[in-house]
Amino acid sequence: MKATVSEDCIGCGMCASSCPEVFGIGDDGTASVIVDEVPDDAEDSAQEAADNCPASAITIE
């Protein structure tokens, strides 16, 4: 699975808090994906981050 964060990110940090294995907050204050592939043991938390993103900026495919 791959995760992406669109430019719609508002930088709330929810994703980095709920799934730090996949998401981080960059110097610009917005979220970024820090891995090429979502680890198997982080798939549920990555999907939860996408589902709960207030800006709907996260896609998991």
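Computed from the coordinates by the stated procedures, all read-outs in this text should not be read as laboratory data. Just so it is clear, the model here is predicted, and its values are computed rather than measured. Every residue, glycine as well, gets a Cβ built from its backbone with ideal geometry; the counts of neighbours run over all protein chains shown.
What tally of residues in segment 13-53 results from selecting those that are under 12 Å from ALA3 (Cα atoms), touching a Phe, Trp or Tyr at 6+ places or on another chain (Cβ under 9 Å) and among the small types (Gly, Ala, Ser)?
Total satisfying the criteria: 4.
Does GLY29 satisfy being of a type outside the set (Ser, Thr, Tyr) and either assigned to a loop (DSSP other than H, G, I, E, B) or touching a Leu at 6+ places or on another chain (Cβ under 6 Å) (or both)?
It is true that GLY29 is of a type outside the set (Ser, Thr, Tyr) and either assigned to a loop (DSSP other than H, G, I, E, B) or touching a Leu at 6+ places or on another chain (Cβ under 6 Å) (or both).
Looking only at segment 1-35, count how many residues are touching a residue at least 40 places away in the same chain (Cβ under 8 Å) and β-branched (Val, Ile, Thr).
Residues meeting the conditions: 3.
Quickly run through segment 12-36 and pick out the residues that are in contact with a strand residue (DSSP E or B) (Cβ under 7 Å, 6 or more places away or on another chain) and not polar (S, T, N, Q).
GLY13, CYS15, ALA16, VAL22, PHE23, GLY24, ILE25, GLY26, ALA31, VAL33, ILE34
Considering only segment 1-25, how many residues are surrounded by 13 or more Cβ atoms within 10 Å (Cβ to Cβ), at negative phi and in contact with a Ser or Thr (Cβ under 8 Å, 6 or more places away or on another chain)?
12
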